[in-house]
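J.: Structure in structure tokens, see below.
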Amino acid sequence: MKKKQIIGMVAMVAVVVGACVVLKETGIWKKEKKEEQKPAITFDIPEEQKNAFIAEYSEEDYQVGYGWAQKVLTQTRWPLNPESIEPLKESYSVEEVSIKSSYDGHSIPADYILADGKKDCDTMIVVHGLSCNRRTNMGIEEAFLGWGYNVLSFDLAGAGENECQLSTYGAFEQYELLDCINYVKKNMSKDKKVVVYGYSYGGGVTAVALGNEEIDKKVDIAILDAPIANFKMQLLNGYGNLYSYTEYENMFRCFDNFCEMMYGFNSSDISGKERIASTTTPVLVFTSEADTVVPTSQPESIYDAVPHDKKYIHVFEKVQHTCEFGSPEEEIFLQTIKDFLDGKLY
């Protein structure tokens, strides 16, 4: 090919590329990337969504589903006890932080407690129970701080100072947990561990979260104390004696359909035993034969669902629900955790 022809072709390509840039910059040729609309975490249901639900199901189903959502997806907001954190401030660096939700931008209030003033340290994240908050279980925090771990405890959606209305048993809370993990990991070197301790409702949330591959990869050890495994069975445990089986099944059907259409999740999505079945994270489970809040069958089913051998379950006889600090079982509880952290139980 002659030199003049080559120069001519290069000039033509340059003109075409330049024209494309101009068209793109001026908006004449511009592909708008549609941002996926995420369900709002609120009870303020738009009229359009309400009418769509009624058209697919019925007005009665909407009223039942909405009524149950308001009952089930809320928890008592106990105020934070400001005095509970004071003893830790005498020995450790305590930061009250606000973590921005990557889901919808809401604020996640948290206490970030440093064992020796450094953020590049093994860190334990606390996922609290229902009608609790980030300062309810200070005993476990003191124990981990004593072992040299940093601690981050946060208010889940619908609890404490978190501005979200709903408590969704892990459907949205898993993203809050992920944000907290990312928050601590940005200051941690790769050889440092992230341990997640979830108790009761928070144990169920953690089990659901471990079904999220991104979270599963970032958690080194999960400790589940009396975790909820099956959302439907847990509701039955709490409300089953108030209704006949037929009434309960109908109400749950309406509730499940309501959550699916309004919030994009159903009861299978918040089933700890189903979601944890894909985890690769080592899992320690606690339960008790005397637990009437979350019967032993639920934590045991979570343990059975973990698909690998890096797991251990400890069954107490007399603990009423989660292990209480100051009880006779505290020493066994903490020693079991320490042994699991050290890899002695798997």
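J.: If Lys185 meets every condition in (1) closer than 19 Å to Ile85 by Cα; (2) touching a helix residue (DSSP H, G or I) at 6+ places or on another chain (Cβ under 8 Å); (3) of a type in the set (Lys, Arg) apart from one, which number is that one?
T.: Tallying (1) closer than 19 Å to Ile85 by Cα; (2) touching a helix residue (DSSP H, G or I) at 6+ places or on another chain (Cβ under 8 Å); (3) of a type in the set (Lys, Arg), Lys185 fails exactly one: (1).
J.: Shifting gears a bit: So the check is Cβ under 7 Å with 6+ separation or different chains; which pairs have a first residue in segment 81-110 that's among the polar types (S, T, N, Q) and a second one that's assigned to a loop (DSSP other than H, G, I, E, B)?
T.: From residues that are among the polar types (S, T, N, Q), the pairs are Asn81/Arg135; Ser84/Arg135; Ser93/Gly117; Ser107/Glu163.
J.: I've got another one for you. Checking Val97 against (1) at pLDDT 95 or above; (2) within 30 Å of Tyr239 (Cβ to Cβ), which test does it fail?
T.: So Val97 meets the others, but not (2).
J.: While we're here: Could you list, in sequence order, the residues of segment 204-262 that are at pLDDT below 95, over 13 Å from Ile276 (Cβ atoms) and touching a Lys or Arg at 6+ places or on another chain (Cβ under 7 Å)?
T.: Listed by number, the list holds a single entry, Phe252.
J.: For segment 219-284, which fully contained helices (runs of 4 or more DSSP H) count at least 2 residues that are in contact with a strand residue (DSSP E or B) (Cβ under 6 Å, 6 or more places away or on another chain) and either in contact (Cβ under 8 Å) with a residue 40 or more places away in the chain or among the charged types (D, E, K, R) (or both)?
T.: Per the criteria, no element qualifies.
J.: How many residues are under 22 Å from the mean Cα position of the chain (by Cα) and either in a loop (DSSP other than H, G, I, E, B) or surrounded by fewer than 18 Cβ atoms within 10 Å (Cβ to Cβ) (or both) when one looks only at segment 93-118?
T.: Within segment 93-118, residues that are under 22 Å from the mean Cα position of the chain (by Cα) and either in a loop (DSSP other than H, G, I, E, B) or surrounded by fewer than 18 Cβ atoms within 10 Å (Cβ to Cβ) (or both) number 12.
J.: Residues in segment 136-181 that are more than 14 Å from Val97 (Cβ to Cβ), at pLDDT 95 or above and of a type in the set (D, E, K, R): how many?
T.: So the count comes out to 3.
J.: Still on this structure, please answer the following. Return the only residue of Phe340, Phe333, Phe316, Phe258 being aromatic (Phe, Trp, Tyr) and under 30 Å from Cys164 (Cα atoms).
T.: Result: Phe258 is the single residue among Phe340, Phe333, Phe316, Phe258 that is aromatic (Phe, Trp, Tyr) and under 30 Å from Cys164 (Cα atoms).
J.: If you check Leu156, Leu177, which single one turns out to be surrounded by 24 or more Cβ atoms within 10 Å (Cβ to Cβ), in contact (Cβ under 8 Å) with a residue 12 or more places away in the chain and in a helix (DSSP H, G or I)?
T.: Among Leu156, Leu177, only Leu177 is surrounded by 24 or more Cβ atoms within 10 Å (Cβ to Cβ), in contact (Cβ under 8 Å) with a residue 12 or more places away in the chain and in a helix (DSSP H, G or I).
J.: Restricting the search to segment 308-346, which residues are closer than 18 Å to Gln298 by Cα and either of a type in the set (Gly, Ala, Ser) or not in a strand (DSSP E or B) (or both)?
T.: Matches in segment 308-346: Glu317, Lys318, Val319, Gln320, His321, Thr322, Cys323.
The values are calculated or read from the model by the stated rules, or taken from the named source; none is laboratory data. If you're wondering where the values come from, they're calculated on a predicted model, not measured in any experiment. Counting neighbours? That spans all protein chains shown, and the Cβs are built from the backbone with ideal geometry, glycine included.
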